[in-house]
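Participant: Just dropping this structure here.
The values are calculated or read from the model by the stated rules, or taken from the named source; none is laboratory data. All of these numbers come straight from a predicted model, not from anything done at the bench. Glycine also receives a Cβ, built like all others from the backbone with ideal geometry; neighbour counts cover every protein chain displayed. Please note that ligands, DNA and RNA were not included when accessible areas were found on the heavy atoms of the full protein model with its side chains. Shrake-Rupley method; radii C 1.70, N 1.55, O 1.52, S 1.80 Å.
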Amino acid sequence: MNDGGIILVDADDSSITVSWPPMGKASSSGPTKYSLQFRPSTSADDNGIDSGGSLLYTSLSTELTSTTARKRNLTGAGHGFWFRVSLPTKSKTRVDKTSMEYVGHACRKPFQVLTMMEQSRRMEAPTVRIDRAAASPAPNSFVAHVSWKPYEAGGDDDELFLGYKLQMRENDGSVGWSTVAQCLSGTEVRKKNLTSKQGYMFRVRPVLQGECAGSESNLENSVSEGGNVVPFSTASEVVGARREKGGPAGSTGSSSEVTKLFKKLPGDKLLAKGGMTTVPLAEAFAGKDLVFLYASAHWCPPCRKFTPQLIRFYNDAKKFYASDPARTKSVEIVFVSADHDMSGFKNYYASMPWLAVPFDADTRERLLSWMKVTGVPRLMCLDGRTGKILESNSVGRALDLARYSRMIK
């Protein structure tokens with residue numbers, strides 16, 4: 001357990017993932033929102049305090065609903081990065097008015113990204129699943145089956161290979177990483193007696209003969225123990241998380257195959273009405289014949305030109321279906337933002353009448369990758385009943401409901 005500060009969950013050569021304990025009181029009006037800021041550390045003596053000038057923090061978001069966040073595109077800070085979080089009750093522009101109200105790092109040290117060389121030596125993230133066939137001794141517990149690909153470094157490292165070091169952490173902002181095994185000979189293991197409703201994640205690294213100058217204490221602010229030790233892999237996906245009403249996280253109660261694309265969506269909810277409200281996944285695609293995924297960004301002129309056309313198509317489709325549902329198809333669109341920041345996302349989405357993936361959700365980037373987005377705008381059409389891709393990119397094609405309807409007859 002940490003003392004209430006921000007902890008490091010993961011890092012690579014250009015991003016850092018952090019987590020923190022829940023703050024404030026739960027509200028029936030909606031989830032707690034957090035304000036997260038960061039800045040580069042300027043020297044070895046930098047203690048993370050904001051005193052203006054080059055030590056001024058930059059706001060990442062004032063509307064985070066998760067206690068975990070990832071900052072990407074981090075470059076040029078040899079001394080690491082500082083983060084701090086608070087409830088968003090202060091100015092959205094000048095964020096250092098009452099810095100004592102912010103929670104900083106639990107370890108009191110800046111978080112480090114990896115060098116390109118360190119990143120190249122990392123193993124892939126382990127694959128984790130619940131082993132329902134294995135009995136777990138503790139009541140209301142489960143067994144996780146963790147496996148990973150063999151380490152293949154080549155050269156001298158192959159001759160020095162001894163085994164694997166495995167760590168795990170509960171998916172809770174109060175809990176850091178702990179070691180499961182110091183040197184495993186195989187590439188799989190079962191972990192019993194797991195009980196957390198938040199679920200667990202795992203990471204692994206090779207153990208090599210001749211490791212030196214490394215220490216687990218360095219894992220407070222890095223994914224590397226230091227010295228010549230190979231850094232830990234990227235963290236696995238969370239396994240075993242359960243919703244408050246029971247059932248595994250990600251279960252929506254909907255038969256739609258489309259919902260499976262939104263795995264690990266926070267709260268199993270999409271944004272609606274320009275971000276003013278949310279819609280459960282179970283309801284979002286219920287009865288929808290056609291689902292469109294719209295990758296777009298406010299900074300993109302072709303996107304801003306295409307969006308009004310798509311709005312007209314969407315509104316017309318809704319009217320047609322409302323007036324004669326037996327003779328037309330139902331439509332839903334989900335905005336998958338390619339914006340660079342929360343402000344751009346919010347301003348752009350405010351003009352849209354359809355649903356959206358929250359900007360700060362990892363699901364957004366996972367969808368952009370699944371859609372193979374290399375440029376925007378991109379409009380992917382799916383069969384709402386089966387999840388089958390009907391058209392990989394409808395931009396430049398006729399936005400004609402009859403044309404799309406013929407695809408699913």
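Participant: Checking a compactness column here: for segment 261-328, what do you get for Rg(Cα) / (2.2 N^0.38 Å), N being the number of residues? Before the final figure, lay out the partial values.
Facilitator: Values: Rg = 14.2 Å, N = 68, 2.2 N^0.38 = 10.9 Å.
With N residues counted in segment 261-328, Rg over 2.2 N^0.38 Å equals 1.30.
Participant: A further question follows. When the chain is fully extended, how far beyond the present Cα-Cα distance does A322 get from N228, taking 0.36 nm per residue of separation? Before the final figure, lay out each step's value.
Facilitator: Details: separation 94, 0.36 × 94 = 33.84 nm, distance 6.51 nm.
Between A322 and N228, full extension yields 27.3 nm more.
Participant: Bins of 10 Å, beginning at zero and ending with the bin holding the largest distance: percent of Cα pairs per bin for the chain, please.
Facilitator: Reading the bins upward from 0: 4, 19, 27, 25, 17, 6, 1, 0.
Participant: K192 accessible area, nearest 10 Å², 1.4 Å probe?
Facilitator: 100 Å²
Participant: Next question. Quick one: give the max-minus-min coordinate of the C-alpha atoms of segment 101-144 along each principal axis, largest first, in Å.
Facilitator: Over segment 101-144, Cα extents along the principal axes are 42, 38, 13 Å.
Participant: Do any GluC sites (Glu not before Pro) in segment 111-189 lie in a DSSP loop with no more than 10 other beta carbon atoms within 10 Å, and if so, which?
Facilitator: E152
Participant: Need the list of lysines near K346 for cross-linking: C-alpha distance under 20 angstrom, and skip anything on the same chain fewer than eight residues off.
Facilitator: Reachable lysines: K33, K71, K90, K92, K269, K273, K305.
Participant: Probe 1.4 Å, all protein chains in place: accessible area of S147 in Å², nearest 10?
Facilitator: 30 Å²
Participant: Could you state, as a whole-number percent, how many of the C-alpha pairs of segment 295-355 are farther apart than 13 Å?
Facilitator: Details: 1152 of 1830 pairs.
Here the long-distance tail beyond 13 Å is 63 percent of all Cα pairs in segment 295-355.
Participant: Give the carbon-plus-sulfur fraction of the accessible surface of the chain in %, rounded to a whole number; probe 1.4 Å, heavy atoms of protein chains only. Please report the intermediate quantities before stating the final value.
Facilitator: Values: 10200 of 20220 Å².
Carbon with sulfur: 50 percent of the solvent-accessible area.
Participant: Would you check the accessible area of K33, probe 1.4 Å, heavy atoms only, in square angstrom rounded to 10?
Facilitator: Number for this one is 90 Å².
Participant: With n ≥ 4 as the cut-off for DSSP H runs, can you work out [θ] at 222 nm for the chain, using -39500 (n - 2.57) per run divided by the number of residues, rounded to the nearest 500? Provide the component values of the computation, followed by the final result.
Facilitator: On the way: 7 runs with 62 residues, N = 409.
The helix-only estimate for the chain comes to -4500 deg cm²/dmol at 222 nm.
Participant: I would also like to ask the following. Please list, or write none, the lysines whose alpha carbon is within less than 16 Å of the alpha carbon of K372, excluding same-chain residues fewer than 8 places away.
Facilitator: Filter leaves K388.
Participant: Just checking the chain: which Cys have no other cysteine's beta-carbon under 4.7 Å?
Facilitator: That list is C107, C183, C212, C381.
Participant: Continuing with the same structure: Can you give the Kirkwood hydrodynamic radius of segment 173-328 from its Cα pairs, in Å with one decimal? Working shown, then result.
Facilitator: Values: mean 1/r = 0.0485 Å⁻¹.
Its Kirkwood hydrodynamic radius stands at 20.6 Å.
Participant: Separate question: Rolling a 1.4 angstrom probe over the protein heavy atoms, how many square angstrom per residue are accessible across the chain? All intermediate terms of the calculation are to be shown ahead of the outcome.
Facilitator: Details: 20220 Å² over 409 residues.
In whole numbers, the chain has 49 Å² accessible per residue.
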